Every structure is written in structure tokens, then in C-alpha cells.
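Accompanying notes for the structure given below.
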Amino acid sequence: MKRARDSGKTTTDRVILGTGDDRSVSDQSAGDDPFVTVVVVTYNSERTVGETLSSLMAQTYPDERYEVLVIDGGSTDGTRAVADEHGAGFHVLEGGTIGACRNRGIDLAQGEYVAFTDSDCAVPATWLCSHVERIVDAPDHIAGVGGPNRPFPDDSEFAKVVGSLQGTAFGSGGSPQSHAIDQIREVRSVACCNVMYDASIFADHRFDGDINVGEDAEFHYRLSETGYRFRFDPSIAVSHHLSADFSSFTKKSRSYGYAMARIQRRHGTVIRWYSALPSLALGGGTLAALGDLASRKLRFVPLLLVAYLLVSMYPTAQVYRDRRHPLALLVPVLLAAQYTYYGIGFIEGLLAPSPVPQELP
């Protein structure tokens, strides 16, 4: 088995599972399978977290070899009641960012490995078994293992089209799931809704507690700079509720752009080379429109539009092949909206006064 965190405890550590006064105790030294902690960060997740926890309670991994911790940022709905119904440990970090909540989960974790999924996801029954199988024999430079996230089967067709779009290079930039990967490979980052870390890395590395969106990208950037990589397995996919309508899609795109600009300002360097491209495209399109207005002739804008439509035919074909639905024809519109709102958010993040506000203005 690969390196394990030195916690300074004996081999008869006892792990408390559950919440409140109704607690059960498990002997962590029992069995040959490594003990795993699963952390789910929540905030007003009453509507979806039950699905997440139900999938975690139905794992094929031995019940006594994993714990589930819910770290809540101060929900005002019934999130806690749902967590209690499923017997998950519930801990509140009032007003905590996603990064801070993830760190709290790490502090409380008893596992040799720490897995994360989101409160709007559901994991397959073999999720823990598959991740453990991939990580136990990994070399020391592997910080963790991860996989893709896909729409739920019963999500709206719009959400499924968004999911297919994000499975293209145009929709997700350089993320691992934007490529046709048919085998396990090493990558620099994975999505935190589907990841398992070797807990030993947390002795020296943690999430940035000041970051609320993009905390995984920022954390993995720092890990990659020290030589760590992740194993990406395309077969270990989780279901994830994606944007169900156009408004939520554009809002999320804008928030991602803002977050990436904020993170890059924080580090004073370019973390993802393609992050500025939507803003540059916006600038180029604006200059083209101004040029046409000044000359009172339609020259540059029609050329840019034709070029864009030709380029967008490729992801449109990919999405249609995947979904076989007429909504795939909206891909050029969705891409244009995604780039536009991401670019606007990125510019807002660059121009925001220091210290850069956590949320969008």
C-alpha cells in the first residue's frame, strides 16, 4: 500500500460515525481495506443532498471501512434534517467558503484516503471500491484519483446537452473530460465532485479557505507546481445536476470567469492559459463592430460570424452524435453565451478593487 498519513495514533484508533448523541463506534484497525472518509460540502442543499447521501450509503465498499461527513456552510433550509435521516456526520462552519468547508472536512477526517463529492451529485455503488483500487498502488507523485461527471438520466434535455457540450474541448477547455479518453492517464487536475485524495498530502497542502468558487482548480494548481498529478479514470463517473436552463447556465459561466480572474490575481500568474480567451474574443468582436460602424459597411462582423459558425459546427456535431436531440442545434448559441458571460465575469474579476470581493458584483 502506498504512503499513509502519520497521524501519531496507534493502530486501534476508533472512529465515531453518525451525529448528535446517537453515535456508533467503529474499530479503524479492523479489516484489510483502507479506511476512507467521504466529505460532502453543503449549503441549502435540502433538495438534492438526499440523493447524494443515499448513493453513498449504498456503496459496495465495507460499511465499517468508511465514514461520511457533511460539512455545511450555514444552511437555512432542511439540509441538516436530511443528513440526520441518512446517519451522516453533520458539522456546521457558519459562513464558511467551499474551500474552508473542505478544509474542515479534512481536519475531521479519520481516513487514510479522503474522497469528495458534491451535494448535487450521486455516485455509483462501486465508487469507493473503484477509487481505492486506483489509488492504493499509485506512485508517490499521485495526489489522488478522479473521473468525469455526467448529467442525471432524468435531468432535463437542456442539462444533458450542456453536459455533452462540456464533454467537448470547446465546452470545457483543457479539462480531462473534454477529451476522448478511453484509458487511465495522469492529469494536472480533476473536478472535486469526483475525487479521492491520499490524506498524506494534507500534512503540507490545503485548500485556500478564502475561495468559494474554483477552489479545486486553485488547489490543484498549487499541487501541480510541486510535482503532483492525478489519475483520471473515465470509467469512474458520477451523476451531477448541471444547469437546467439558459439563465442558470449563463450565471454559472459568469461566476466561473470571475473566480478564475480572482484566483489568477491572487497568484499573480496565469493558471490556465485559455482563461483569458473569451475576454479577448469579446474585445475583438467589439473592435470589429466599431470598425464596421465607423466605415458604415458590414465587413468584419459578418466574417467573424461565418468563421464562428464554421468552427462551432464541430462541437455541434459532437453533441448531436451524443444526444441525438434537436436541442443540439443550440450549441452555437450556448457556446457564444458561455464565452460571453465567462469573458464578462473574467473582466469583472480583473477590474474588481482589491481585495477582490468573493462574490460577483
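Coordinate-derived values only; no laboratory data. All values derive from a computational prediction rather than experimental measurement. Because the Cβ atoms are built from the backbone with ideal geometry, glycine has one as well, and the counts that use them run over all protein chains shown.
So the values come out like this:
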| item | result |
| --- | --- |
| Counting DSSP beta bridges with both ends in the range 14-244, the antiparallel % (nearest 5) | 45 percent |
| Relative contact order, percent, the chain [alpha-carbon distance under 8 Å, six or more residues apart] | 17 percent |
| For the range 134-253, alpha-carbon Rg over 2.2 N^0.38 Å | 1.11 |
| Longest exposed-site-free window of the chain, the sites being trypsin sites (Lys or Arg not before Pro) in a DSSP loop that have at most 14 other C-beta atoms within 10 Å | 48-295 |
| Per residue Cα convex hull volume in Å³ - calculated over the chain | 146 Å³ |
| Gaussian network model of the chain, springs between alpha carbon atoms under 10 Å - residue of HIS131, HIS220, HIS267 with greatest fluctuation | HIS267 |
| Principal axis box of the range 250-351, alpha-carbon based, largest edge first, Å | 43, 40, 21 |
| Cross-link reach list, aspartates and glutamates versus LYS251, counting only Cα pairs under 16 Å and skipping chain neighbours closer than eight places | GLU348, GLU359 |
| Highest-fluctuation residue, VAL41, VAL306, VAL132 considered, GNM on the chain with Cα pairs under 10 Å | VAL306 |
| Tail weight of P(r) past 18 Å, computed on alpha-carbon pairs of the range 303-352, percent | 42 percent |
| Where GluC sites (Glu not before Pro) in DSSP loops with at most 14 other Cβ within 10 Å are excluded, longest remaining stretch of the chain | 95-358 |
